[in-house]
Amino acid sequence: MTNFHVVQEANVVTVTLQDGSSYEALPVGSDPDKDLAVLRIDAPGVELTPVNLGDSSLLEVGRKVIAIGNPFGLDTTMTVGVVSALGREIESVNRRTIRDVIQTDAAINPGNSGGPLLNSLGQLVGVNTAIYSPSGASSGIGFAIPVNTVRRIVPELVTYGRVQTPILGITRLPQPDYYRELWGIEGVIVLDVVEGTDPERLGMRGLRRVQRGQIQLGESLWKSKVKRWLTKTTTQLLWNSINPVT
């Protein structure tokens, strides 16, 4: 696993193990929104030991962390620092916001991206991804994607090659405030329902015109809750029916 921006424009990716042996890596999946990518190597006869995963929700400001990487081509460099802040936001390579990022003062330089951020038990708590520095060198402000985000994203990358994004399956009416006031209703007025989606299968209907110019409203979507955990998506839709109006 590494950062997406590390392998984004690479024609060939080579993974070097601790014993010095190198293998060409093949892409498995990536998520530019979270700046994560998964690679695969074929290393028959080599015993690979995965890093132990920690729980980034247990991190506290001031706790010691260890960053490992290859800054400026210097292999397996280790630096030590503390958690400077939690819940930071940074921008991914495609300009999307990555939330709940870990800020650390452990020295992170170009070449550290994709490397592990460990706690004092040697458990992975983050993936080093960026620094804030006008000069491009470490200024004591580095950022890491929390391991709990990695736990959620990586299984989808391994299974599907990308993150499975939930689709609500409706189109809302433009200028909703105007029509909510006109018709005296609350919520999102459903203009159209995409065929084959859960709302359509459950009987939700969009805005439609009936005889003699009457307009029949579709449903008013009161609440939509989407909960994602690993590859499981749960969607709950609550709506109320609206009587026809002229």
Within region 91-119, can you find the residues that are of a type outside the set (Gly, Ala, Ser) and under 16 Å from Gly140 (Cα atoms)?
-> Val101, Ile102, Gln103, Thr104, Asp105, Ile108, Asn109, Pro110, Asn112, Leu117
Return the total of residues in region 60-95 being of a type in the set (Lys, Arg) and under 16 Å from Pro146 (Cβ atoms).
-> 2
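Could you look through region 84-122, keep only residues that are polar (S, T, N, Q) and more than 15 Å from Gly54 (Cβ to Cβ), and pick out the one that is surrounded by the most Cβ atoms within 10 Å (Cβ to Cβ)? I'd like the intermediate steps shown before the answer.
As a first pass, look at region 84-122 and keep what is polar (S, T, N, Q): 84, 92, 94, 97, 103-104, 109, 112-113, 119-120.
Applying the additional criterion that residues be more than 15 Å from Gly54 (Cβ to Cβ) yields 84, 92, 94, 97, 103, 109, 112-113.
Details: Ser84: 18, Ser92: 20, Asn94: 12, Thr97: 10, Gln103: 19, Asn109: 22, Asn112: 27, Ser113: 21.
The residue in question is Asn112.
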Can you find a residue in region 48-61 that is out of contact with any Gly (no Cβ under 8 Å at 6 or more places or on another chain), farther than 24 Å from Ile153 by Cα and assigned to a loop (DSSP other than H, G, I, E, B)?
-> yes
Is it the case that region 40-54 has a residue that's loosely packed, with under 11 Cβ neighbours inside 10 Å, free of Cβ contacts under 8 Å to residues at least 12 places away in the same chain and among the charged types (D, E, K, R)?
-> yes
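Go through the residues of region 182-198 one by one and say whether even a single one is more than 25 Å from the chain's Cα centre (by Cα), assigned to a helix (DSSP H, G or I), at pLDDT below 80 and not assigned by TED's automatic domain parsing to the domain that holds Glu89. If you could, list the steps in order and put the result at the bottom.
The initial filter retains those residues of region 182-198 that are more than 25 Å from the chain's Cα centre (by Cα), namely 182-196.
Then keep just the ones that are assigned to a helix (DSSP H, G or I); that gives 182-183.
Now narrow it down to the ones that are at pLDDT below 80: 182-183.
Now restrict to residues that are not assigned by TED's automatic domain parsing to the domain that holds Glu89: 182-183.
Within region 182-198, one or more residues are more than 25 Å from the chain's Cα centre (by Cα), assigned to a helix (DSSP H, G or I), at pLDDT below 80 and not assigned by TED's automatic domain parsing to the domain that holds Glu89.
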Do any strands (runs of 3 or more DSSP E) lying entirely in region 77-164 carry at least 2 residues that are in contact with a Lys or Arg (Cβ under 8 Å, 6 or more places away or on another chain) and of a type in the set (Val, Ile, Thr), and which ones are they?
-> 77-91, 97-104
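Determine whether Leu58 is assigned by TED's automatic domain parsing to the domain that holds Gly122, surrounded by 13 or more Cβ atoms within 10 Å (Cβ to Cβ) and under 21 Å from the mean Cα position of the chain (by Cα). Break it down stepwise before answering.
On the way: assigned by TED's automatic domain parsing to the domain that holds Gly122: yes; surrounded by 13 or more Cβ atoms within 10 Å (Cβ to Cβ): no; under 21 Å from the mean Cα position of the chain (by Cα): yes.
No, not satisfied.
Let me confirm something: among Thr149, Thr171, Thr165, which residue is exposed (fewer than 11 other Cβ atoms within 10 Å of the Cβ) and at pLDDT 70 or above?
Working: Thr149 fails: exposed (fewer than 11 other Cβ atoms within 10 Å of the Cβ); Thr171 fails: exposed (fewer than 11 other Cβ atoms within 10 Å of the Cβ).
After ruling out the rest, the residue left standing is Thr165.
The values are calculated or read from the model by the stated rules, or taken from the named source; none is laboratory data. Keep in mind it's a predicted model, so treat the numbers as computed, not measured. Don't worry about glycine lacking a Cβ; one is built from the backbone with ideal geometry, like all the others, and counts go over all protein chains shown.
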